[in-house]
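Coordinate-derived values only; no laboratory data. If you're wondering where the values come from, they're calculated on a predicted model, not measured in any experiment. Don't worry about glycine lacking a Cβ; one is built from the backbone with ideal geometry, like all the others, and counts go over all protein chains shown.
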Amino acid sequence: MRFFACLLLCGMTSLGAAEERVLSAAETAYAKGDYAAAVEQWSDEARRDGVSSGLLSALGNAEWRLGRKGRAMVCWERALLLDPREPVALAGIRHALAAGGTERPVPTWAETYAAILTEDTWILLATACFWVATLCVVVPRLRRRSASEWNHRTRVLALTLLVLCAPGLWGGRSLSARAVVRKAEVSLRLTPTLFGEPLNGVTEGDVVRTDRPLNGHVRVTTANGKTGWLRAGEIELIRGATLPIDFDQKAAP
Amino acid sequence: MRRFLASTVLLLLGLLARAEDRVSWEITPRITAPGQPFRLQIMVESDVLLGGAQQVDKEIRPPRGMALRLSGQLVRPDSNEATLNFSGVAPDQEGEYVIPSFTLRFARKLIPVTPIKLIVSKSVAYRRTTQARAELVLPERTFYVGELIRGAIHLRGGDDETVVASFGLESVAEGFTLAVTADRQPLSTELGQGLRTSFELTPIREGTSELSLRGTMLIHNADTPAFSNSNRDRPFTFRRKLVVEHVPERGRPADWTGAIGAFSAEAVQVSKDRPEVGEPIRLRAILTGTGNLDRLIPPEIPGNESWDILPATERRRQAEEQRFFVYTLVPRLPGKLLTPALRFSTFDPLTKQFSRIEFKPIEVTVTGNAPAQVDLVTADPAAPVGAKPQVAAGLAAPAPQRGAPLFRGAPTLSLASSTAFWSGNGLLLTGLLALTGAALYLGYLAAHPEIRRRRRARSILRTALREAASARLRGDRAAFAKSAVRALQVGAAALLDAEEEAMTQGDLERALPGVPRPLLDKLFERAYGERFAEGPGAAGPPDEDETLELLRRLQSLL
């Protein structure tokens, strides 16, 4: 009884603390409309303490408010890789698709399935299932004893989970292999060359599926199924839990 | 006749003889002080009519720091002599300077000029302020790409000379754009008599570049009469190495859009402070300071629920060191509204620090009534008829603290790309496979003991063969027989699955059918005969070759 009372007290205390949480300087700046300051402070926080899905989503919101669609989409997509149900990132991407003029490939069934868990969780789960199944097979042989009933059940369960992990792994790989167009008004090229014939226009913030790289270009497929080549410096891969790359920092004003 | 022929030959020899061009030069004064003007005169005498020299300024390459210009040439159309006058200014550093050899291009002949040496020494008495001189005014520091650098050339008169005019300003500035903003303006009173030419430099790429400026000033000597035409020209040249870098990435704010300089927010003005709902008003933010004002990108102000905001162009001319940012604001709601705040970051090249410029909002009273509903979504004209318009859901309120603690500080590399993860798993799998293989192998050996026994027998047989061969060489027949019998017993025991010590000649006959019994008897007697009482005895020693052949046969059976 005392134990449950303690638990209840701890829960109430944490709820109270959450309600009384003081807004950070970045949140205050965001609320005041000083999105540049919010971006700076959230970026500093991410560099100092590491990223989280919430932080990346908030950063995406501030970047979007500053009109930097590419950086915002990278932040939101990376937040979804960390937490596929992050509400701020999902809302941001919905807003970008509905009103922001960006395009994103429709997820395949494997990608939708993979979004149940993060890519790393799928890998860890599949690895654990593999080892359990392997040990269930190997250990009785090493001990020169016949497998028990429990061994058989565990083996079947592990193998079933391993099979169920396969589409999740495939979908996770496919999700993280997408990229966001970071340059405004670039053209999809027919060939991976400097003077490749322009095929179709893509714009900053569009999400594309990536394929193999060649000659400083990457073969991509856009949301409407057009396939062509973009320069490697025009896109940023979603894979990786970091802040977006500063593509335009070196450029002369 | 003889005299006529002699004089003709002499005349022909005179015509055929190769005439030499004579070139001499003179520098006045012979030794100059640093920065002192000098005159260079080159006299040419040739065998042909010379005429005027062409493109002399392009041929001559004065050494670094020296200004030199062709100021005139004396030629007569019917003469084979020419005199070229150059005016120059000695370099500021002491030393010997050599003008490299060059070629004078006359209409009918090219005449080379040997290198010319100028000695600059501080021992020469020279007061710089007496004569007209040129000075370059340019800050000495690291510059930044996109920065606006203001510089000037001061052509200052001296006590004895005044600067009348200047002309021919040429610039070579790789990696810069150069624009002359004011030419031949009078100098300020504290600098004295003279002219000033102002220019603006903008670096366009990083690295070390050289700025080269040269021109000519026209000077008048104060001692000459007022109405005489005694103006002289004097060249000037400047070469300066400039180091250009990009604005540092470290600490660069997200809203920095290229502003480099020292700026301040002067004022914010609105065209009307009591507009109606929906009535556009003009917001003008005035930025002042020194820097690349013209290259600034106007900061974007996003619209909100109170204002619709459109960028606008300013009709008024902008003054120097002032920039207007103009926006059209359309109020959406009545009441007392604050204009949107305007912020952006700047970089000060002197302090090398970023700073934030902020134009404070001002209050505007909006009259009228609010519309029933403010529709934030505009219709897409390209949408098909009857299609449902997409509703802009808007951004959710950020919650940066959200996220499981597990994900805080998530590694930048996913497991799929982690070499350590996959190599660790691979090593574990390899170890497990090796362990399983070893266990299976040992189990197989345990189930088939004859494998180990035969392997041991083969090993002993090989050793016995070596020992027997060795004993045979030594002539030790007893050792030979012991080795052979031991090998035969071990081999036969492995074949018959029996104890090796118990193997007799009969057992060997079973293991090796057809083996000669007398040979075995002789071997056993030789090997173990000493343990027992002396028997009838075998006839002679065993055949050693036959014994070795027997051992090899046994070895092949194992």
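Between 0 and 90 degrees, rounded to the nearest ten: what's the tilt of helix B:544-557 against the longest Cα principal axis of chain B? Approximately 60 degrees, to the nearest ten.
According to the calculation over all Cα-Cα pairs in the stretch A:63-139, the P(r) per 5 Å bin from zero is 3, 14, 18, 20, 13, 9, 7, 5, 4, 3, 2, 1 %.
In chain B, the longest principal axis of the Cα atoms and the axis of helix B:2-16 are about 70 degrees apart. Along its first, second and third principal axes, ordered by size, the protein assembly as shown spans 160, 124, 57 Å in Cα coordinates.
Helix screen, chain A: DSSP H segments with Cα axial length of 15 Å or more and mean Kyte-Doolittle hydropathy at least 1.0 are A:2-19, A:87-98, A:119-143.
Couplings for the stretch B:502-518, taken from phi via the Karplus curve 6.51 cos²θ - 1.76 cosθ + 1.60 with θ = phi - 60°, read 8, 6, 10, 4, x, 4, 5, 5, 6, 6, 10, x, x, 6, x, 5, x Hz in order; Gly and Pro are left as x. Shown here is the pair-distance distribution of the stretch B:261-366: with all Cα-Cα distances grouped in 5 Å bins from zero up to the longest one, the shares run 2, 12, 23, 23, 17, 11, 7, 3, 1, 0 percent. Between B:ARG141 and B:GLN41, the contour length at 0.36 nm per residue exceeds the alpha carbon distance by 32.0 nm. Only DSSP H runs of four or more residues enter the estimate; each adds -39500 (n - 2.57), and after division by the residues of chain B the mean residue ellipticity at 222 nm equals -7500 deg cm²/dmol.
Peptides B:140-149, B:353-362 ordered by packing proxy, namely the average of other Cβ atoms within 10 Å per residue, highest first: B:140-149, B:353-362. Would you please give the FRET efficiency between B:LEU338 and B:ALA267, computed as 1/(1 + (r/R0)^6) with r the Cβ-Cβ distance and R0 = 22 Å, to the nearest 0.05? So, using R0 = 22 Å, E works out to roughly 0.90.
The smallest convex shape that holds all Cα atoms of chain B, its convex hull, gives 645 Å³ per residue.
Taking Cα centre as origin and charging only the Cβ of basic (Lys, Arg, +1) and acidic (Asp, Glu, -1) residues, the dipole magnitude of chain B rounds to 760 debye. Stretched out straight at 0.36 nm per residue, the stretch from B:GLU501 to B:HIS246 would grow longer than its current Cα-Cα span by 82.5 nm. Specify the inter-centroid distance of the stretch A:156-176 and the stretch B:233-258, based on alpha-carbon positions, in whole Å. About 56 Å separates the Cα centre of the stretch A:156-176 from the one of the stretch B:233-258.
Backbone phi angles across the stretch B:51-61, fed through the Karplus curve with coefficients 6.51, -1.76 and 1.60 (θ = phi - 60°), yield HN-Hα couplings of x, x, 7, 10, 6, 5, 4, 7, 7, 7, 10 Hz in residue order; Gly and Pro are listed as x. The GluC sites (Glu not before Pro) of the stretch A:50-124 include none that meets both criteria, a DSSP state outside H, G, I, E and B (loop) and at most 13 other C-beta atoms within 10 angstrom of the site's C-beta.
Spin-label pair A:ASP246-B:GLU276: with each label point 7 Å from Cα along the Cα-Cβ axis, the two points sit 4.9 nm from one another. Taking square-rooted eigenvalues a ≥ b ≥ c of the alpha carbon gyration tensor, is the stretch A:178-237 rounded, prolate or oblate, where a/c under 1.5 means rounded and, failing that, a/b exceeding b/c means prolate? Because its axes are fairly even, with a/c under 1.5, the stretch A:178-237 counts as rounded.
Here the sum of -39500 (n - 2.57) over DSSP H runs of 4 or more residues, divided by the residues of chain A, equals -18000 deg cm²/dmol at 222 nm, to the nearest 500.
Hey, got a sec? Which GluC sites (Glu not before Pro) in the stretch A:166-253 land in a DSSP loop and have at most 10 other Cβ atoms within 10 Å? Listed in order of number, the matching sites are A:GLU185. Under 5 Å between amide hydrogens, built in the peptide plane, is the criterion, and for A:ASN215 it picks out nothing among residues at least 5 positions away or on other chains.
Other residues lying with their Cβ under 15 Å from the Cβ of B:GLY335 contribute a combined charge of -2, Lys and Arg counting +1, Asp and Glu -1.
Taking the three principal axes of the alpha carbon atoms in the stretch B:258-317, the coordinate ranges are 39, 21, 19 Å, sorted in descending order.
Of the GluC sites (Glu not before Pro) found in the stretch B:473-536, the ones in coil according to DSSP and having at most 12 other Cβ atoms within 10 Å of their Cβ are B:GLU499, B:GLU534. Rounded, prolate or oblate, given the Cα gyration tensor of chain A, with a/c below 1.5 counting as rounded? Verdict is oblate for chain A. Legend: mean number of C-beta atoms from other chains within 10 angstrom of residue C-beta atoms, peptide A:85-92, equals 4. The length gained by stretching the chain between B:ILE451 and B:GLU546 to full extension, at 0.36 nm per residue less their Cα-Cα distance, is 31.4 nm. Pairs from the table (A:LYS69/B:LYS336; A:LYS183/B:LYS272; A:LYS183/A:LYS226; B:LYS272/B:LYS352; A:LYS69/B:LYS272; B:LYS58/B:LYS117) lying more than 29 angstrom apart at Cα are A:LYS69/B:LYS336; A:LYS183/B:LYS272; B:LYS272/B:LYS352; A:LYS69/B:LYS272. Cα centroids of the stretch A:108-142 and the stretch B:430-502: 50 Å apart.
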